[in-house]
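The structure appears below as structure tokens.
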Amino acid sequence: MTARERRLRIRRKDTVPRQQARLNPKAMEYLGIKDKVEIVIGGKKRLIFSALALDSVPESEVWCNSDELKELGVADNTIAAVRAPITIAGVKA
């Protein structure tokens, strides 16, 4: 099985709760995301959030909490690899 991932824009939104990411339902479907989303920035920073579908989110974006992203050092409009968390031998990442 190949890991499906896509480069999407990470947006800071005050309306999104901490530890949560909002994605377009179509994007969640083609990325195979069910309940968690993994965001990898620059191949180094790896973040995992609870995923929630929201129709108002553009397909090319992922919305996360503003304050949380500031604390993690992630700028607004950052492009990152977005995918379902990779499982290794039945252990969730």
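The values are calculated or read from the model by the stated rules, or taken from the named source; none is laboratory data. This is a predicted model, so every value here is computed, not measured. Virtual Cβ from ideal backbone geometry, glycine too; neighbours counted across all protein chains shown.
Write out, first by first residue and then by second, each pair whose Cβ atoms fall under 7 Å of each other, whose residues are 6+ apart or on separate chains, and whose first residue, in the stretch 81-92, is under 21 Å from Tyr30 (Cβ atoms) while the second is at pLDDT below 80 and in a loop (DSSP other than H, G, I, E, B).
Matching pairs, first to second residue: Arg83/Ala3; Pro85/Ala93; Ile86/Ala3; Ile86/Ala93; Thr87/Ala93.
One residue is enough: does the stretch 67-76 have a residue meeting the conditions on the phi > 0 side of the Ramachandran plot and free of Cβ contacts under 8 Å to residues at least 24 places away in the same chain? Lay out the reasoning, then the answer.
In the first step, residues of the stretch 67-76 are kept if they are on the phi > 0 side of the Ramachandran plot; the result is 73.
Those still in the list that are free of Cβ contacts under 8 Å to residues at least 24 places away in the same chain too: none.
Looking for residues that are on the phi > 0 side of the Ramachandran plot and free of Cβ contacts under 8 Å to residues at least 24 places away in the same chain, one finds none in the stretch 67-76, hence no.
Is it true that some residue in the stretch 55-67 is β-branched (Val, Ile, Thr) and outside any loop (DSSP other than H, G, I, E, B)?
yes
Check Leu8, Leu52, Leu23 and return the single one that is touching a residue at least 60 places away in the same chain (Cβ under 8 Å), surrounded by 14 or more Cβ atoms within 10 Å (Cβ to Cβ) and aliphatic (A, V, I, L, M).
Numbers: Leu52 fails: touching a residue at least 60 places away in the same chain (Cβ under 8 Å); Leu23 fails: touching a residue at least 60 places away in the same chain (Cβ under 8 Å).
Result of the check over Leu8, Leu52, Leu23: Leu8.
Hey, among Lys36, Lys45, which residue is in contact with a Ser or Thr (Cβ under 9 Å, 6 or more places away or on another chain) and among the charged types (D, E, K, R)?
On the way: Lys45 fails: in contact with a Ser or Thr (Cβ under 9 Å, 6 or more places away or on another chain).
Unique residue meeting the criteria: Lys36.
Looking only at residues that are charged (D, E, K, R) and touching a residue at least 12 places away in the same chain (Cβ under 8 Å) in the stretch 26-45, which one is nearest to Arg83 (Cα to Cα)? Give the steps one after another, and end with the answer.
Taking the stretch 26-45 and keeping what is charged (D, E, K, R), we get 26, 29, 34-36, 38, 44-45.
Checking which are touching a residue at least 12 places away in the same chain (Cβ under 8 Å) leaves us with 26, 34-36, 38, 45.
Values: Lys26: 13, Lys34: 10, Asp35: 11, Lys36: 9, Glu38: 5, Lys45: 14 Å.
Once the filter is applied, the top-ranked residue is Glu38.
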